[in-house]
Amino acid sequence: MKKAIFFIIIFHFFLGKCYNQSNEFIGAVLIGRTEAISYHLVFDILENNKVKGYTITDMNGTNEIKVNIEGNYYPKSKTLKFIEKSIIYDKSNANKDELCLLEVNGKFVKKFGKEIFEGTFKSKFDSTKVFCDNGKVFLTSPKVIYEVAKKASKHIDPLQTKDSLSNIINSKLQDMKTVDKIEEMKAGKILNINWQSDTIVFEIWDDKIEDGDRISVSVNDKIWNSDLLVTNKSKIISIPAEKQNNIKVTALTEGSHPPNTVKIYLVDKNKKHLILTNLKKGEVSQINIKK
């Protein structure tokens, strides 16, 4: 239970906004006053503001479950409602009769100087449809998590604990101390960066589930890698800096957990940039580096 309490405290600070197509949210569901479970939400907003996507409960944990969702988004009231419809996979040891599907009702509100998704849920057993639990939901975009972690890292000392979740969060906080700029890249967006170094060094990796995301990378329209499998182990690219350097990242696949999400870490002397991509298959993000 200690792990759950720490998790929800962290995510009360990591609150933000993201409500466009190809949305990704990370946070927690809170049951009662003490029990919290990690919750990952990915969805598209379709015609007539219909919502389709999936959720992952206890992501990367022993009880990880992925479920299809359907619902509606109401732009005027900034309200999002969705229902978990069917289980895609279940890594837990629970019997099917014990699995609960959530019905979530929430909206985007202003808190802590940020807009967050805050709501409630009720749930029913998947097999019998009998009520099994209710609680609250707190979610935010990955970009906000990194931005707040960057600020928090300057004030939070490493926690002296062997708790695995605490260690992961501490690692993220320490990494953020070196990041000067955080950008979120979606399809069609062009990021312009002024450069000082004679060499461009950047790392590419996936710090979430290794789900088979593949990308191609080109520099000044020359293919650097035509089919790069993105894993938790970073790939380092080092190229001479020209006056104009156009770097394009194209999503070749979306893996088993769409969309294609990649982290790019650029190093320029004392300046470091963290770029978060969120792409569908065939979509492209472009970084223009001018020396």
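The values are calculated or read from the model by the stated rules, or taken from the named source; none is laboratory data. Since we're looking at a predicted model, the values are computed, not measured. Heads up, the Cβs are rebuilt from the backbone with ideal geometry, glycines too, and the neighbour counts pull from every protein chain shown.
So that you can scan it fast, the table gives a plain yes or no per residue for (1) part of a loop (DSSP other than H, G, I, E, B); (2) in contact (Cβ under 8 Å) with a residue 60 or more places away in the chain:
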| site | (1), (2) |
| --- | --- |
| SER216 | no, no |
| ILE223 | no, no |
| ASP227 | no, no |
| ASN232 | yes, no |
| ILE237 | no, no |
| ILE247 | no, no |
| SER285 | no, yes |
| ASN288 | no, yes |
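Residues are listed down the side, and each one gets a yes or a no for (1) touching a Ser or Thr at 6+ places or on another chain (Cβ under 6 Å); (2) surrounded by fewer than 16 Cβ atoms within 10 Å (Cβ to Cβ); (3) at pLDDT 70 or above:
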position: LYS91; (1), (2), (3): no, yes, yes
position: CYS100; (1), (2), (3): yes, no, yes
position: ASP126; (1), (2), (3): no, no, yes
position: VAL137; (1), (2), (3): no, no, yes
position: SER141; (1), (2), (3): no, no, yes
position: ILE145; (1), (2), (3): no, no, no
position: LYS150; (1), (2), (3): no, no, no
position: ILE156; (1), (2), (3): no, yes, no
position: ASN167; (1), (2), (3): no, yes, no
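Of note, LYS110 does not satisfy the criterion of being part of a strand (DSSP E or B), modelled with pLDDT of 90 or more, surrounded by fewer than 17 Cβ atoms within 10 Å (Cβ to Cβ) and within 21 Å of the chain's Cα centre (by Cα).
Residue-by-condition table, conditions (1) part of a loop (DSSP other than H, G, I, E, B); (2) surrounded by 21 or more Cβ atoms within 10 Å (Cβ to Cβ); (3) modelled with pLDDT of 90 or more:
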residue	(1), (2), (3)
PHE6	no, no, no
ILE9	no, no, no
LYS17	yes, no, no
ASN20	yes, no, no
GLY27	no, yes, no
HIS40	no, yes, no
THR55	no, yes, yes
THR62	yes, no, no
LYS76	yes, no, yes
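Of all the residues in segment 249-271, those that are crowded, with 17+ Cβ neighbours inside 10 Å and part of a strand (DSSP E or B) number 10. The combined condition, being of a type outside the set (Asp, Glu), surrounded by fewer than 16 Cβ atoms within 10 Å (Cβ to Cβ), at pLDDT 75 or above and over 19 Å from the mean Cα position of the chain (by Cα), is fulfilled by LYS243. May I ask you to verify whether GLU103 is closer than 25 Å to GLU210 by Cα and either assigned by TED's automatic domain parsing to the domain that holds VAL137 or not small (Gly, Ala, Ser) (or both)? For GLU103, the condition - closer than 25 Å to GLU210 by Cα and either assigned by TED's automatic domain parsing to the domain that holds VAL137 or not small (Gly, Ala, Ser) (or both) - is not met. Does ASN72 satisfy being of a type outside the set (D, E, K, R), assigned to a strand (DSSP E or B) and free of Cβ contacts under 8 Å to residues at least 60 places away in the same chain? So ASN72 passes the test.
Mind listing just one residue for me: the one in segment 253-277 that is in contact with a Ser or Thr (Cβ under 6 Å, 6 or more places away or on another chain) and within 18 Å of GLU210 (Cβ to Cβ) and, of those, modelled with the lowest pLDDT? Step by step, filter segment 253-277, then rank; the result is PRO259. In this structure, GLU47 does not satisfy being among the acidic types (Asp, Glu) and touching an Asp or Glu at 6+ places or on another chain (Cβ under 7 Å). From the residues in segment 218-240 that are over 16 Å from VAL262 (Cα atoms) and of a type in the set (A, V, I, L, M), which one is surrounded by the most Cβ atoms within 10 Å (Cβ to Cβ)? Only one residue fits best here, namely VAL219.
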